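Reading through the structure tokens given below for one structure.
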Ligand code: FEH
Ligand code: ZN
Ligand code: ZN
């Protein structure tokens, strides 16, 4: 089968022929219908050093996957061949306190988990390939009727990650509240939709690209701003001087984090989702009283079920740019140049073949 392989840190991925894996007991072989190209993959290719993460290349890229059940390993009875499934990306040990709570992104047994906090495309072979070997049926969620595989794949990361971040602050997003979405890209354009779909908050969107600002307006942002020296002031003014209840930073640069800290309300949340490498000094008088700064990482199975439900009812929709697998390197190049509208999605197979 074809697979886009990351051979080592700081290297360009290579599309090559590799053996198609066979599922062992409890495992499932998925024929990949679609695999999203995540901005994090660019960090794997160009920036991360050995030791940045608790796993390392070589592996096949693609941690945002959906497809069809192709082969069931011995003992797997909860799925059927040909069934359309979305892949829950983080593959933990399944037995520790965090995994038993479904929070496999935060697995605490690196001695038991194949790749702690990682999964297919993050330390193990991922979905930028014709087939994906999934270690357990618990990592697969049936795609509801009304949703195509190619539309479900980007939801498994680009929607699931913002969904988890918003749910974490849900209590602060009631009537009269304001959420700020910084960065209206692959995750941000879905984060904006998540806020509108599951909260009563007004949304202020910030992005340096006119196309992204236009997209944010079309998606229902109440105010859209370009980044600049007065952005935080304008946000604070738009919130009646109080500041924003929740700031979702999908960029994570020094500048965007500083904007978040300068516009967040007392008791508000600044949530760092983007891997921009920025830092934010946190001190007693450096933030409004009782404001919190946190990171969040991806999401879990239960949240993916909820995201897929919202999407099947038209309440979430990933804007996508589609590439065939042989053009996957171009997808990442376009992503690196900021030339992708919405999410870049690679399609190894557009239909199921037994
Ligand atoms: C990947 C690698 C490291 C940190 C965060 C991520 C996210 O893109 C996972 O969706
Ligand atoms: Zn990702
Ligand atoms: Zn675990």
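The values are calculated or read from the model by the stated rules, or taken from the named source; none is laboratory data. No experiment lies behind these values; they were computed from the predicted model shown. Quick reminder, even Gly has a Cβ in these numbers, built from the backbone with ideal geometry, and neighbours come from all protein chains shown.
For the range 103-129, which positions are closer than 14 Å to residue 28 by Cα and either within 9 Å of ligand 3 (Cβ to nearest atom) or assigned to a loop (DSSP other than H, G, I, E, B) (or both)?
Answer for the range 103-129, where residues must be closer than 14 Å to residue 28 by Cα and either within 9 Å of ligand 3 (Cβ to nearest atom) or assigned to a loop (DSSP other than H, G, I, E, B) (or both): 125, 126, 127.
Based on this model, can you work out whether residue 153 counts as more than 14 Å from ligand 2 (Cβ to nearest atom), buried (at least 21 other Cβ atoms within 10 Å of the Cβ) and at pLDDT 95 or above?
Working: more than 14 Å from ligand 2 (Cβ to nearest atom): no; buried (at least 21 other Cβ atoms within 10 Å of the Cβ): yes; at pLDDT 95 or above: yes.
In short, no.
I'm told residue 41 meets every condition in (1) within 12 Å of ligand 1 (Cβ to nearest atom); (2) in contact (Cβ under 8 Å) with a residue 60 or more places away in the chain; (3) part of a loop (DSSP other than H, G, I, E, B) except one. Can you identify the failing condition by its number?
(3)
Please enumerate the residues belonging to the range 82-102 that are closer than 18 Å to residue 152 by Cα and either assigned to a loop (DSSP other than H, G, I, E, B) or within 16 Å of ligand 1 (Cβ to nearest atom) (or both). Give the derivation first.
Quick first cut of the range 82-102, residues closer than 18 Å to residue 152 by Cα only: 82-90.
Matches in the range 82-102: 82, 83, 86, 87, 88, 89, 90.
For the range 253-354, give me every one of the helices (runs of 4 or more DSSP H) that falls completely inside it and has 3 or more residues that are within 27 Å of residue 177 (Cβ to Cβ). Before the answer, list the steps.
Numbers: elements: 254-263, 301-312, 328-336.
Once the helices (runs of 4 or more DSSP H) in the range 253-354 are filtered for at least 3 residues that are within 27 Å of residue 177 (Cβ to Cβ), what remains is 254-263, 301-312.
Across the range 149-186, what is the number of residues that are under 18 Å from the mean Cα position of the chain (by Cα) and on the phi > 0 side of the Ramachandran plot?
The qualifying residues number 1.
Taking the range 130-154 as the search range and keeping residues that are in a helix (DSSP H, G or I) and within 16 Å of ligand 3 (Cβ to nearest atom), which one is farthest from residue 3 (Cα to Cα)? Quick ask: steps written out before the conclusion?
Of the range 130-154, the ones in a helix (DSSP H, G or I) are 137-139, 149-154.
If we keep only those that are within 16 Å of ligand 3 (Cβ to nearest atom) as well, we get 138-139.
Values: 138: 24, 139: 21 Å.
That would be 138.
Residues are listed down the side, and each one gets a yes or a no for (1) within 16 Å of ligand 2 (Cβ to nearest atom); (2) surrounded by fewer than 19 Cβ atoms within 10 Å (Cβ to Cβ); (3) at pLDDT below 95:
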residue: 34; (1), (2), (3): yes, no, no
residue: 49; (1), (2), (3): no, yes, yes
residue: 54; (1), (2), (3): no, yes, yes
residue: 61; (1), (2), (3): yes, no, no
residue: 65; (1), (2), (3): yes, no, no
residue: 75; (1), (2), (3): no, yes, no
residue: 82; (1), (2), (3): no, yes, no
residue: 87; (1), (2), (3): yes, no, no
residue: 90; (1), (2), (3): yes, no, no
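Tell me, yes or no, whether the range 281-301 has at least one residue that is within 21 Å of residue 218 (Cα to Cα) and touching a residue at least 12 places away in the same chain (Cβ under 8 Å).
Taking the range 281-301 as the starting set, the residues that turn out to be within 21 Å of residue 218 (Cα to Cα) are none.
No, every residue in the range 281-301 fails to be within 21 Å of residue 218 (Cα to Cα) and touching a residue at least 12 places away in the same chain (Cβ under 8 Å).
Mind checking which residues of the range 99-122 are within 15 Å of the chain's Cα centre (by Cα) and closer than 22 Å to residue 4 by Cβ?
117, 118, 119, 120, 121, 122, listed by residue number.
One line per residue, one yes/no per condition, for (1) closer than 26 Å to residue 350 by Cβ; (2) more than 20 Å from the chain's Cα centre (by Cα):
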{"site": "50", "(1), (2)": "no, yes"}
{"site": "53", "(1), (2)": "no, no"}
{"site": "66", "(1), (2)": "yes, no"}
{"site": "69", "(1), (2)": "yes, yes"}
{"site": "72", "(1), (2)": "yes, yes"}
{"site": "80", "(1), (2)": "yes, yes"}
{"site": "87", "(1), (2)": "yes, no"}
{"site": "92", "(1), (2)": "no, no"}
{"site": "97", "(1), (2)": "no, yes"}
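When only residues in the range 157-177 that are surrounded by fewer than 23 Cβ atoms within 10 Å (Cβ to Cβ) and out of contact with any helix residue (DSSP H, G or I) (no Cβ under 9 Å at 6 or more places or on another chain) count, which is nearest to residue 89 (Cα to Cα)?
168
Hand me the list of helices (runs of 4 or more DSSP H) wholly inside the range 178-251 holding 3 or more residues that are in contact with a strand residue (DSSP E or B) (Cβ under 6 Å, 6 or more places away or on another chain) and buried (at least 23 other Cβ atoms within 10 Å of the Cβ).
On the way: elements: 188-198, 210-218, 231-238.
So the answer is 188-198.
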